[in-house]
Amino acid sequence: MNIDFIKDSLTGDGPIEEVFYFDTLDSTNQYAKENQPENDSLVVCDFQTKGKGRFNRKWTAEKGEDITFTLVKNFKVTVDDIQIVNFYTAFIIFLSLKRIIEETGNELSLKWPNDVLVNSKKVSGILIEIKDINKPEKRFIIGIGINVNQKDFPDDIKNKATSLYLSLVKEINREELLIEIIKNFYLNLDFLKDKKKLFELWKQ
């Protein structure tokens, strides 16, 4: 992964304060929890050995083929509204993939609460963990996995998981996709101020 390209595109004048990159890591979320990087930090690794999704389900990814990263972002939201960040993140991934998927004959959709599907198969998952939940400003550890160029899946999930490559029959530039997702995340933050509109767009 060309991490210098990612850093040049997202730091400095970009929205990210610092990028932490690892060739192999147990979990980008776990790293963020243990090392507590600053707000607006990005943790990226080429391969997770213990990636997981909701309910501790294992997240399977291929080294050098997929995207696994964590965005550390502080938000001032009430406890009742913390799930809005979950829906917002899924919607941003949907928007970012739409450019790639549209006009290819493939169907891109969202599944409650935060799965992104291509042709009814999961292509992306999100795991959000929250620190300082009782404080006005909460720290969100937003873990995202996207099956980008993966060719094969284990037998137990191959009927319900897919990748962009398998859907489009072409390889996708992982760095450019990651950069687009992060930029879209920051460009559309106003959606968090209009919960009703965000949910309407999500349901559409």
If we take segment 139-204, then helices (runs of 4 or more DSSP H) inside it with 3 or more residues that are touching a residue at least 60 places away in the same chain (Cβ under 8 Å) and farther than 19 Å from N106 by Cβ are 174-187, 195-203
All conditions in (1) at pLDDT 95 or above; (2) assigned to a strand (DSSP E or B) are true of G125 except (1)
Counted residues in segment 8-20 being open to solvent by 70 Å² or more (accessible area, probe 1.4 Å) and in contact (Cβ under 8 Å) with a residue 24 or more places away in the chain come to 2
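Being within 17 Å of K7 (Cβ to Cβ) and of a type in the set (V, I, T) is the filter; apply it to segment 162-204 and report the residue that is surrounded by the most Cβ atoms within 10 Å (Cβ to Cβ).
Step one: filter segment 162-204 for residues within 17 Å of K7 (Cβ to Cβ), giving 173-183, 185-186.
Those left that are additionally of a type in the set (V, I, T): 179, 181-182.
Values: I179: 19, I181: 21, I182: 24.
Filtering segment 162-204 for residues that are within 17 Å of K7 (Cβ to Cβ) and of a type in the set (V, I, T), the one surrounded by the most Cβ atoms within 10 Å (Cβ to Cβ) comes out as I182.
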Matching residues in segment 21-39 (free of Cβ contacts under 8 Å to residues at least 40 places away in the same chain and in a helix (DSSP H, G or I)) number 4
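The values are calculated or read from the model by the stated rules, or taken from the named source; none is laboratory data. All values reported here derive from a predicted model rather than from experimental measurement. Please note: Cβ atoms are built from the backbone with ideal geometry, for glycine as well, and neighbour counts cover all protein chains shown. We work out accessible area using only protein heavy atoms, side chains counted, and drop any ligands, DNA or RNA first. Shrake-Rupley method; radii C 1.70, N 1.55, O 1.52, S 1.80 Å.
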